Amino acid sequence: MRSPALRRLYKALGLLFLGLAIAGVVLPGLPATPFALLGAWAFRRGSPEWAARLDNHPRFGPSLRAWRERRAVPRRAKVLAVLSMGASWLLLWAGGAPIPVLGLVAITLILTSTYLLSRPAA
């Protein structure tokens with residue numbers, strides 16, 4: 001059993017990540033799924049009631065269950081994430097970022113994309 005202060009901290013983190021996930025539904029370029037996953041992780045540690053609400057949510061529930069059960073990511077989320085990463089790199093390039101920064105970011109995005117694309121499709 002976690003202390004009440006730690007449970008409150010996890011619940012606050014869950015609410016923060018859930019807010020970012022909701023923003024990601026309506027804001028282009030801000031992914032919803034990773035923040036929903038982080039919110040679910042935090043709620044499982046701080047608020048079982050909120051974790052259950054997320055698991056049963058029509059928008060987030062299926063993706064969360066697919067991740068928890070099979071480490072699967074919806075195909076649409078994969079495509080949007082990779083496209084967003086590419087667009088972010090292009091914005092850095094167009095903004096005149098230094099070559100070392102572009103290289104480091106490119107390596108990070110390539111590794112992240114490779115991991116994401118290697119997950120099964122939900």
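Of note:
- Within the listed set GLY95, GLY19, GLY86, the residue fluctuating most in the Gaussian network model of the chain (springs between alpha-carbon atoms under 10 angstrom) is GLY95.
- Sequentially through the range 30-39, phi angles give Karplus couplings (6.51, -1.76, 1.60; θ = phi - 60°) of 9, x, 8, 4, x, 6, 5, 4, 5, x Hz, Gly and Pro residues having no value and appearing as x.
- Stretched out straight at 0.36 nm per residue, the stretch from ASN56 to ALA94 would grow longer than its current Cα-Cα span by 9.5 nm.
- Comparing ARG70, ARG59, ARG45 in a Gaussian network model of the chain (Cα springs below 10 Å), the most mobile by mean-square fluctuation is ARG70.
- Separation of the range 71-118 from the range 1-49 is 23 Å, based on Cα centroids.
- Computed FRET value (nearest 0.05) for ALA106 with LEU6, which takes r as the C-beta separation and R₀ as 35 Å: 0.35
- The range 4-70 shape via C-alpha gyration tensor axes, a/c threshold 1.5: oblate
- Debye, to nearest 20: dipole size of the chain, +1 on Lys, Arg Cβ, -1 on Asp, Glu Cβ: 480 debye
Read-outs: derived from the displayed coordinates by stated rules, not from any lab. This structure is a prediction, so every number in the text was calculated from the model and none was measured. Cβ sites come from the backbone with ideal geometry, for glycine too, and all protein chains shown count toward neighbours.
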